[in-house]
Amino acid sequence: MYNCLLLMIKKLQYGIMALSSLQKWFFRGICSASSKPLHVCVVGGGPAGFYTAEKMLKAHKEVQLDIIDRLPTPFGLVRSGVAPDHPETKIVVNQFSRLAENERFSFFGNVSLGTSVSLSELCDIYHVVVLAYGAESDRILGIPGEDLNGIHSAREFVWWYNGHPDCKCVAPELKTTDTAVVLGQGNVALDIARILLQDPAELERTDIAEHALASLRESSIRKVYLVGRRGPVQAACTAKELREILSLKHVQVHIQEADLVKSPLDEEELKRSRIQRRVYDLLSKIASSQPSDHVSCERDLHFVFFRRPASFLPCNDANKVCRVRLEKTFLKENGATGRQSAVGSGEFEELECGLVFKSIGYKSLPVDGLPFNDQKGIVPNDRGRVLSNAGKEPSNFVPGLYVVGWLKRGPTGIIATNLYCAEETVGSITEDLQQGALHPHISLDKPGRDGLLHILQDKNIRFVSFKDWEKINTKEINDGKLKSKPREKITSWEELQEIATQ
Amino acid sequence: MELKRMMEKGLLSSFSRSLHMLSKNIQGSLNLHLQPLGIFGRREYLSKAYFDGDKGWTSSGSIQGAALKSGKAELQTTGQRFSMLMESLKRRHFSTTGNGADDQKNEKEKISVTFVDKDGNEKEIKVPIGMSMLEAAHENDIDLEGACEGSLACSTCHVIVMDVDHYNKLEDPTDEENDMLDLAFGLTETSRLGCQVIAKPELDGIRLALPAATRNFAVDGYVPKPH
């Protein structure tokens, strides 16, 4: 009798367990089948933001996604970073623009994180917030004289010739000197050297900003030094850009044969990397080739290796740079990583110049309420999931907050790097959704786009929609046609906003 | 008959496209900057000779060299497409065999290509001779990225040729293609850019793998050691 009762109770227990799992399954089914939208906000409309948006919308049919950007124009560095004479690299905006045809997507230009809307407000109105706002500041050298006139960051110069509305006034003085020094040997450094030494006539049919073209026509720059801390084996540029700079008309490229000597560690490095191998081969070719006699070379480009800047010195004008003091370096292996670092040798030399560009790296800016690793200049994260407590133990994931792009990885890589970066972050979001890591946060009703519109209305902020951007786009293209340029960029905040709000 | 007509149309358009690009490349190599005709639409097969139907000549710095190189490739492609077109026309107007044999011959003007995605899923498609793998992928809804739309300015259409024999039947990549392959993720010994692999009869049965997005991609575009 007693056993019967036990058996009945066990059966009841099984029954109840079965019923509850059935219920869970039922509800999960309901949730995914329901049209309850998942509201996502991506902060930053560059390649990282757009690739993330594309992948989120594709992977999740219930997602309603907004991209916000502080500029009235989307596409980030594709518009303001890629050099004007690299139009094919900008073709990717066609793919990004197709996103605008998706009803579940909206673009909000002229909306700035921090001023127009705060991070906590965004987290309140959206289920998922992905930060993709990149790196809008610069690494600094921290050496004496860095504040002298005539010293610019690469980012400022690139923004200037690309017509970024924030850099119209930071115009470099190109008429007062014949020598410019570029610190760094990455592709951005090569872009700067190329824009400075290129015949301005070659830039006339590109989308370079008009004020930059006018200034370059009157430029007196004839010599550019590309200075790197390490050797040709470690040069950060890539083959395509190097090949391009070699084919510049009227520009003689100089490399010292002595710099090309390879150590056994250098040989190891070259064996491991195809990119570095091909770059080193190109640099060796330059060093061994004779200057062409039949073409007059009015301009010179010098690759300077194994030198790091120690200080900047003024001459007569105490506020303007006229010399860079460089310390010779040698390479030393850094632990077991195989990576070689530059170490100062104590020997110094000076280079006369009137213009300096620091192309040593961009840096991200922190935002109120956001964990930030100041040393690396990134938001601490695990495959895109933001970690609280600056990544130190004990750390937790901040639910619903993710990062992608330069803010996540640091400011390096090409446009396509963001493709894989976005895939990883979207993968983390998908995993979190499926495993319920975002409960109960995700099941709350959030206003999403409507909430953002409400906030912007309250603050009287006139945002720029994608259709508004298309008005700017059309005007730029039409103005460009008059000058045989792909577009004539509009470079002032006022004019951009005026056209967008027509 | 419909299929034949469509095939011919496809051949004709791809042939005339080739001819157009070829003439532009010849102009480029002779350093002539003629006005673009702008006949073709957006999906034009752009070569590295910097001729764009909408924008005209864009970068004149390295036009000569690039134009000459891709001109040579264009010449080959144009030649192939011309002979394919002639074959198709010959068969259409002079063939005395029945429909069955015609259909068989139609099949030969397309090759079979199998795409394998990073999860191992396979999709076999038919690609007309002369079409690039990138174009073919997009026409068949295969997830192959093409950020620069075939203008040799990115590496997103990177594919891995799974059979070494087929890989060896391809022409060597140009410097421009190699420069872009440098930056491709998951690069291997038989990697190529999908926009530069053009369908030809010898490639029938070719299998192309889409590279797996590596989790630990390094930030500086560093490519893992090829294996």
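Points to keep in mind about this one:
- Built amide H within the under 5 Å cut-off of A:His254, gap 5+: A:Leu301, A:His302, A:Phe303
- Using only side-chain charges placed at the Cβ, +1 for Lys and Arg and -1 for Asp and Glu, the dipole size of region A:313-444 relative to its Cα centre rounds to 100 debye.
- Region A:191-270 and region A:340-412 have Cα centres separated by 26 Å.
- When the Cα positions of A:Leu444, A:Thr417, A:Val398 are compared along the charge dipole of region A:395-456, A:Thr417 comes out farthest toward the positive end, with charges on each C-beta of Lys, Arg, Asp and Glu.
- Extension gain (nm, one decimal) between A:Lys168 and A:Ser137, 0.36 nm per residue minus Cα-Cα: 9.5 nm
- With a simple spin-label model that places each label point 7 Å from the Cα along the Cα-to-Cβ direction, the separation between A:Thr176 and A:Met8 comes to 9.9 nm.
- Length released on extending from A:Gln375 to A:Arg222, taking residue separation times 0.36 nm less the Cα-Cα span: 51.4 nm
- Region A:426-479: chymotrypsin sites (Phe, Trp or Tyr not before Pro) in DSSP coil with no more than 10 other Cβ atoms inside 10 Å: none
- Our estimate of slack between A:Glu347 and A:Lys58, defined as 0.36 nm per intervening residue step minus the Cα-Cα distance, is 98.3 nm.
- Beta bridge orientation in region A:241-387: antiparallel %, DSSP, nearest 5: 85
- Taking amide H as placed 1.01 Å from N in the peptide plane, the amide H of A:Val42 sits under 5 Å from that of A:Asp66, A:Ile67, A:Ile68, A:Val130, each at least 5 places away or on another chain.
- Cα-Cα over 25 Å, subset of A:Lys249/A:Lys485; A:Lys61/A:Lys446; A:Lys175/A:Lys475: A:Lys175/A:Lys475
- Neighbours of A:Pro264, meaning other residues whose beta-carbon lies under 14 angstrom from its beta-carbon, give a summed charge of -1 when Lys and Arg score +1 and Asp and Glu score -1.
- Extending 7 Å from the Cα toward the beta-carbon at both A:Ala214 and A:Ser443 defines two label points whose distance is 6.3 nm.
- Dipole of chain A, positive end: most advanced residue of A:Leu370, A:Asn316, A:Asn3 [Cβ charges, Cα centre]: A:Asn3
- Dipole magnitude of region A:286-363 about its Cα centre (Cβ charges: Lys, Arg +1; Asp, Glu -1), debye to nearest 20: 480
- For region A:326-438, the alpha carbon positions stretch 61, 35, 29 Å along the principal axes, listed from largest to smallest.
- Isotropically averaged projected area of region A:425-500, using the convex hull of Cα atoms (one quarter of hull area), nm²: 8.2
- Virtual paramagnetic centre 7 Å along Cα→Cβ of A:Ser311, amide N under 18 Å, in region A:122-147: A:141-147
- By the Stokes-Einstein formula, at 0.692 mPa s and 37 °C, region A:99-139 with its Kirkwood radius over alpha-carbon pairs has D equal to 265 µm²/s.
- On the basis of the beta-carbon distance and an R0 of 41 Å, A:Gln435 and A:Gln502 show a calculated FRET efficiency of 0.30.
- Listed by Cβ neighbour count within 10 Å, with the fewest neighbours leading, A:Lys285, A:Lys320 appear as A:Lys285, A:Lys320.
- Cα principal axis extents for region B:124-164, largest first, Å: 26, 25, 20
- Förster-model FRET efficiency, 45 Å R0, A:Asn389 and B:Asp172, C-beta, rounded to 0.05: 0.25
- Here the Karplus curve 6.51 cos²θ - 1.76 cosθ + 1.60, taken at θ = phi - 60°, turns the phi angles of region A:216-227 into couplings of 5, 5, 9, 5, 9, 5, 10, 9, 10, 9, 9, 9 Hz, with x standing for Gly and Pro.
- Charge-dipole axis of chain A as Lys and Arg at +1 and Asp and Glu at -1 on Cβ define it, positive-most pick from A:Val233, A:Leu38, A:Gly150: A:Leu38
- Amide proton proximity set for A:Asn381, modelled H, under 5 Å, gap of 5+: A:Leu387
- Computed from the C-beta positions of A:Arg272 and A:Glu204, the FRET efficiency with R₀ = 35 Å rounds to 0.25.
- All other residues whose Cβ lies under 14 angstrom from that of A:Ile378 are scored, Lys and Arg at +1 and Asp and Glu at -1, for a net of +4.
- The convex hull defined by the C-alpha atoms of chain A has an orientation-averaged projected area of 31.4 nm².
- Prolate/oblate/rounded call for region A:194-263, Cα gyration tensor, a/c under 1.5 rounded: prolate
- Residues listed by number, region A:330-358, amide nitrogen under 19 Å from A:Asn149 label point at 7 Å toward C-beta: A:353-358
Only the coordinates and a few stated rules stand behind these numbers; no lab work does. Just so you know, these numbers come straight off a predicted model, no measurement behind them. A quick note on method: Cβ atoms are made from the backbone with ideal geometry, for glycine too, and the neighbour counts reach across all protein chains shown.
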